[in-house]
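Beneath this line is the structure, given in structure tokens, with notes to follow.
The values are calculated or read from the model by the stated rules, or taken from the named source; none is laboratory data. What you see is a predicted model, and the numbers here were worked out from it, not measured in a lab. Backbone-built Cβ (ideal geometry, glycine too); neighbour counts: all protein chains shown. The protein model used for the area step is the full one, side chains on, heavy atoms only, and it has no ligands, DNA or RNA in it. Shrake-Rupley method; radii C 1.70, N 1.55, O 1.52, S 1.80 Å.
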Amino acid sequence: MPIPILVMLFSLPRNTLCNRLQNKYPEIRNRARRNRVSPVPEKRKLMTDRTITLTTAQAIISYLNNQFIEIDGEEMRVFGGGFGIFGHGNVTCLGEALYDVRDTLPLYRGQNEQSMGFAAAAYTKQWLRQRFMFCTASAGPGTANLLTSAALAHANRLPMLMLCGDAYITRLPDPVLQQLEHYGNPTLGVNDAFKAVTRFWDRITHPAQILQSLPAALATMLDPADCGPAFIGLPQDVQGWTFEYPASFFEKRVHRIRRQSPDVAEISDAVALLKKAKRPVIIAGGGVQYSGAVAELTAFAEAHDIPVIETIAGRANMLQGHPLNIGPVGVTGSDSANAVAEKADVILAVGTRLQDFTTGSWTAFAKDAKIIGLNVARHDAVKHLSMPIVGDAKLALGALSALGDYKAPATWVDFAKAERVKWVAYTDEITTPSNGPNSYAQAIRVVNDLCDPRDRVVAAAGGLPAEVTAHWQTKDIGTVDVEFGFSCMGYEIAGGWGARIAQSEREPEKDTIVFTGDGSYLLMNSDIYSSVLTGKKLIICVLDNGGFAVINKLQNNTGNESFNNLIADCPTVPAPFTVDFEAHAASMGANAETVANPAELGEAFKRAKAADKTSVIVMKVDAYEGWTTQGHAWWEVGTPHVTEHAKVAEKHAEIEASRSKQRKGV
């Protein structure tokens, strides 16, 4: 009997078959809705042979809603919620599923998909990669807008989940709205671009696939060695298809982040090398905080009297006043840390990628210096033929106690501390408001002096990361977010919003402070509106130098004339004018004011601290004067080997002369 029935079914005209299926859809849909899993399990669950009928979208959200993590003895959801902009590619099915969990997985409406991704990255950074957010965007341009933020998360090793619309898997309505057509490969689309900027990528072509894909994506995001963004493409038809899912798939699960013990032999090798060190130094990266190893790092440094220098991501690993805190290292570092790095014979690099701004493009260290790479990620631990310790920083630093009663020579420690004293004197001078015209450094000093120790500071692109790194005096651990892995313009305000959402979950009485230039503000500012709408207060300092001043500085420092960076130097701008940032911010609901100098900035900051909603404070700063001129290691930039411009040729020769110090892969 089954065969004739099948023959009869497929012998029907195509339109008749489609119409019958279409007419049957409401019945299937209603049955699925009756049988769907509840986001609150104790209220209702209709099971048949321990299965639950759900759409793909409903199953995804139900699974996410039941994933928990233990943090400091407290269970909480892995996902703090999500950011979403709905379109036809995600509103009908994914939107329907998200509506039912709106109390447990709050969905923040974004203004721009890219800024949503930035906010998600800042959220997980604030939570030290223990909790994160998802982002959902519609098919086509909405999803494409997430590419930059996915790259930022990838570069910074930050987990976030992207649930994005995709073209129909059946291809019956093709070509559909916003679909790219590749004539020789109909499976290729915008979503495939995310393969280069994610740690996990999948396209769901059948509802059953999420049984494998979701746990794999979550495991990737929770893995301290491999974590980063995960992308799941959801074809619009598949989102609504149903499947009989095992009920156990939706049971509550409590996750813990793995702590990988270091290899005994690797610890032994490192201890032997450190015992021979005459001039040891510790480079403390962002991984120290992600591991929760700040106390262990400090105790290890104190026990063995080893100076500590910080990377940009590792800022706020040690308090400003700690005697072994010698300052930030690298291109945007400090003279003190760079002097120590240059003379060190053994370098213990803890939780750092050893990016070029840390290593001075590999000129910051002596060529014969030995590097011990302590990192949970093998890829980072073995860079430049480092002696690796692959493992969790907290556990590995404890294991290095086998160093016994070793202490660094007193002459070396005294040298490091003396260099630090000189650097602090320099920063005190350059940040003093009475010294020169308005500058980034002066603004940073004013805010730093007035802020609460637990306030969080956020910066990202342009000249501010260098100035914040050089001059911000850490009052408490883990309070600085300078995004310099991808150094992405636009992260500042959006990231501030995401950081504030996370901060409000644990320290609602503290503030998130954003430093941004006029260039980044103009590129992405709409989350001022988001912060006001959602009641997530920010204090935003907009420091206006009339364009892309730090790149103008680089342009001039390489012998080039100012061109197309400052608004005044754009040949296509006949009548330059400035933006009224105060009025613009006020139009988005924020408190806003313009100040003339650092003294007025201080008073405005006090008002912003007392306010109950986002405040934007605008101050003009000089594009040429007031930059931090000290504390810079060599940085490799491409300059013309042949030119008709004498100044460019001169600067090229000057830059290349320092290449002799560069370690070439070892």
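Things to note:
- Potential extension, Asp368-Lys475 segment - 0.36 nm per residue separation minus Cα distance: 34.9 nm
- Per residue solvent-accessible surface (Å²) - the chain, probe of 1.4 Å: 42 Å²
- Karplus 3J(HN,Hα) series, Hz, for segment 579-586 with 6.51 cos²θ - 1.76 cosθ + 1.60 (x for Gly, Pro): 7, 7, 5, 4, 5, 5, 5, 4
- Computed over the chain: relative contact order in percent, which uses C-alpha pairs under 8 Å that are six or more apart: 12 percent
- Sorted peptide list for 443-451, 251-259, 200-208, criterion being average Cβ within 10 angstrom, highest first: 443-451, 200-208, 251-259
- Zone of Lys422's modelled label, taken as backbone nitrogen in segment 297-330 under 17 Å from a point 7 Å along Cα→Cβ: 326-330
- Anisotropy class of the chain from Cα gyration tensor, a/c 1.5 cut: prolate
- With a simple spin-label model that places each label point 7 Å from the Cα along the Cα-to-Cβ direction, the separation between Asp414 and His206 comes to 7.5 nm.
- Summing charges over neighbours of Trp127, with a neighbour being any other residue whose Cβ is under 10 Å away from its Cβ, gives +3 when K and R count +1 and D and E count -1.
- Eligible aspartates and glutamates near Lys383 by straight Cα distance, threshold 19 Å, same-chain separation 8 or greater: Asp226, Asp263, Glu266, Asp269, Glu310, Glu342, Asp345, Asp356, Asp368, Asp392, Glu636
- GluC sites (Glu not before Pro) restricted to DSSP loop in segment 603-666 with at most 16 other C-beta within 10 Å: Glu625, Glu636, Glu644
- In order along segment 179-193, the Karplus-derived 3J(HN,Hα) couplings, from 6.51 cos²θ - 1.76 cosθ + 1.60 at θ = phi - 60°, round to 8, 7, 10, 9, 4, x, 8, x, 7, 8, x, 4, 4, 5, 5 Hz, and Gly and Pro are given as x.
- Whole-percent carbon and sulfur share, accessible surface of the chain, 1.4 Å: 55 percent
- Bridge type composition, the chain - antiparallel percent by DSSP, nearest 5: 15 percent
- Computed [θ] at 222 nm, helices only, for the chain once each DSSP H run of length n ≥ 4 contributes -39500 (n - 2.57): -11500 deg cm²/dmol
- Qualifying trypsin sites (Lys or Arg not before Pro) for segment 566-650 [loop in DSSP, other Cβ within 10 Å: at most 14]: Lys613
- Estimated at 0.36 nm per residue, the fully extended path between Asn556 and Glu70 surpasses their Cα-Cα distance by 169.8 nm.
- A straight Cα-to-Cα reach below 29 Å connects Lys613 with the lysines Lys125, Lys475, Lys510, Lys536, Lys537, residues fewer than 8 places away in its own chain not being considered.
- Residue-span extension gain [Val573 to Arg659] - 0.36 nm each, minus C-alpha spacing: 27.1 nm
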